[in-house]
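The values are calculated or read from the model by the stated rules, or taken from the named source; none is laboratory data. Computed from a predicted model, the values in this text were never measured in an experiment. Glycine also receives a Cβ, built like all others from the backbone with ideal geometry; neighbour counts cover every protein chain displayed.
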Amino acid sequence: MEGMRSGANGYLLKDMDSRLLIQTIRSVTAGQFTMPAAVAIQLAETINRRSVEADRAVFGQSADFTRREQEIITFMRKGLTNKQIAQQLYIHSGTVRNYISIIYAKMGVNDRTSALMYLQAK
């Protein structure tokens, strides 16, 4: 990741076949980004893990919120009503109510005020 941040255009393994090594060098010099599949998988896993860790830092360790729940929580924090949240997300207000019920259950609260207090404590 540090290499990519510094501008690397590829990644080579020490044990690469010489023909593949030459092909990879040619690809990079032609402006393409190249990386072995095994390295790409590890990179994706690292990025995903860091994203989950960042989400937990914002939304709390005890509750694992889905992306949609996190979006709704963000709008709740801004003071939007269920109807306004639904309009922002292009979904039905009943769907927002369902998501909020799930969020409350994960937090162990029964109302929006308690949920917002829970979030402020995190």
Original post:
What are the pairs, 6+ residues apart or on separate chains, where a residue within the stretch 35-46 that is part of a helix (DSSP H, G or I) has its Cβ under 6 Å from a residue that is surrounded by 14 or more Cβ atoms within 10 Å (Cβ to Cβ)?
Top reply: Val39/Tyr11
Original post:
What pairs can you find where one residue is in the stretch 89-115 and at negative phi, the other is exposed (fewer than 15 other Cβ atoms within 10 Å of the Cβ) and in a loop (DSSP other than H, G, I, E, B), and their Cβ atoms are less than 7 Å apart, with a gap of 6+ or different chains?
Top reply: Tyr104/Asn110
Subject >> Residue in the stretch 41-69 that is surrounded by the most Cβ atoms within 10 Å (Cβ to Cβ), counting only those that are at pLDDT 80 or above and farther than 25 Å from Tyr90 by Cβ >> reply: Gln42
Original post:
Under the condition of being surrounded by 15 or more Cβ atoms within 10 Å (Cβ to Cβ) and aliphatic (A, V, I, L, M), which residue from the stretch 105-115 is nearest to Met76 (Cα to Cα)?
Top reply: Ala115
